[in-house]
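Down below is the structure, laid out as structure tokens.
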Amino acid sequence: MHREEALIKLKQIEGQDLHLLAEKFGITVLSDNGKVNKGWAGHVCERFLGLPINSAQSPNFGSWELKSVPLKRLKGGELTFKETMAVTMIDPYHVARTPFEESHLLAKLKKAVIVARIVGKNYKEPTFVHSVTSIDLNEEMYAAIEADYKLVKDCLLDGERGFSALTGRMGVYIQPRTKGKGHGSTSRAFYARKIFLANYIDLSE
């Protein structure tokens, strides 16, 4: 399926409650241990497009990547991003030896399709699809993200810093942040900051 075809199809579910689609496709919102399956919304969108659930590092449609981003309402009623967007895991060996133009980060971002959904105060409340949009990196954004990637790569190649020195304070648009719960987590992933998402997702209604 080409990206433009997927965009057209996904726009059919704008305004719909993903919980209802989850029931239709047999996607569980809660895992067996009673915790929320954080990727359930994205899995619903994948099933809607006829794609088996896939967590491989290469873009999950071959030439483009599907992402789900939660939005929340502030007290005044306006929408804002609830959190940053996970892009891909950081393999220190691979990143240290791979130029940006061949990186998993660029492969995931440069042709991404984002489904933005409005979430409630808890998982039981409806979550409506706000909008579906695509990411196309212009020259300025490409250069900015390449610079963020270089910060991570330089840190990994620095004998006095290395992988453990990667911190969420790094990067303007893309940050290398701890992946997983707790301060003891040793894994890291690239996350797109809210300032990056704001360049592509219109929060107006």
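The values are calculated or read from the model by the stated rules, or taken from the named source; none is laboratory data. This is a predicted model, so every value here is computed, not measured. Here Cβ is always computed from backbone atoms with ideal geometry, including for glycine, and neighbour counts include all displayed protein chains. Only protein heavy atoms, including side chains, enter the accessible area calculation; ligands, DNA and RNA are left aside. Shrake-Rupley method; radii C 1.70, N 1.55, O 1.52, S 1.80 Å.
Pairing residues of segment 27-55 that are more than 17 Å from VAL69 (Cα to Cα) and at pLDDT below 90 with residues that are part of a strand (DSSP E or B) and open to solvent by 20 Å² or more (accessible area, probe 1.4 Å), at Cβ distances under 9 Å and at least 6 apart in sequence or on separate chains, gives LEU30/VAL36. Take the conditions (1) without any contact (Cβ under 8 Å) to a residue 40 or more places away in the chain; (2) of a type in the set (A, V, I, L, M, F, W, C); (3) open to solvent by less than 50 Å² (accessible area, probe 1.4 Å); LEU151 misses just one of them, which is (3).
Would you mind stating whether THR186 is open to solvent by less than 70 Å² (accessible area, probe 1.4 Å), at negative phi and at pLDDT below 95? Criteria not met by THR186.
Count, please, the residues in segment 4-26 that happen to be surrounded by fewer than 17 Cβ atoms within 10 Å (Cβ to Cβ), touching a residue at least 24 places away in the same chain (Cβ under 8 Å) and not small (Gly, Ala, Ser).
Matching residues across segment 4-26 total 6.
Checked against (1) under 17 Å from ILE201 (Cα atoms); (2) open to solvent by less than 10 Å² (accessible area, probe 1.4 Å); (3) over 16 Å from the mean Cα position of the chain (by Cα), ILE114 passes all but a single condition, namely (3).
ILE145 meets each of the listed conditions (1) surrounded by 13 or more Cβ atoms within 10 Å (Cβ to Cβ); (2) farther than 15 Å from ALA86 by Cα apart from (2). Test VAL132 against the criterion of being crowded, with 21+ Cβ neighbours inside 10 Å, on the phi < 0 side of the Ramachandran plot, of a type in the set (A, V, I, L, M) and assigned to a strand (DSSP E or B), and give yes or no. Yes.
Residue pairs whose Cβ atoms lie under 6 Å apart, separated by 6 or more positions or on different chains, with the first residue in segment 109-120 and without any contact (Cβ under 8 Å) to a residue 40 or more places away in the chain and the second not basic (Lys, Arg), are LYS110/LEU137.
For segment 135-142, the count of residues that are touching a residue at least 60 places away in the same chain (Cβ under 8 Å), closer than 19 Å to MET85 by Cα and open to solvent by less than 80 Å² (accessible area, probe 1.4 Å) is at least one. Entry remark, segment 128-140: residues being under 17 Å from the mean Cα position of the chain (by Cα), under 16 Å from VAL44 (Cα atoms) and not small (Gly, Ala, Ser) number 3 in total. Listed by position, the helices (runs of 4 or more DSSP H) enclosed by segment 1-49 that each have at least 1 residues that are closer than 16 Å to ALA112 by Cβ are 3-10, 40-48.
Give the residues of segment 76-99 that are aromatic (Phe, Trp, Tyr) and crowded, with 18+ Cβ neighbours inside 10 Å, sorted by residue number.
Hit for segment 76-99 is PHE81, nothing else.
Can you find a residue in segment 93-100 that is among the small types (Gly, Ala, Ser), outside any loop (DSSP other than H, G, I, E, B) and in contact with a helix residue (DSSP H, G or I) (Cβ under 7 Å, 6 or more places away or on another chain)? For segment 93-100, residues among the small types (Gly, Ala, Ser), outside any loop (DSSP other than H, G, I, E, B) and in contact with a helix residue (DSSP H, G or I) (Cβ under 7 Å, 6 or more places away or on another chain): present.
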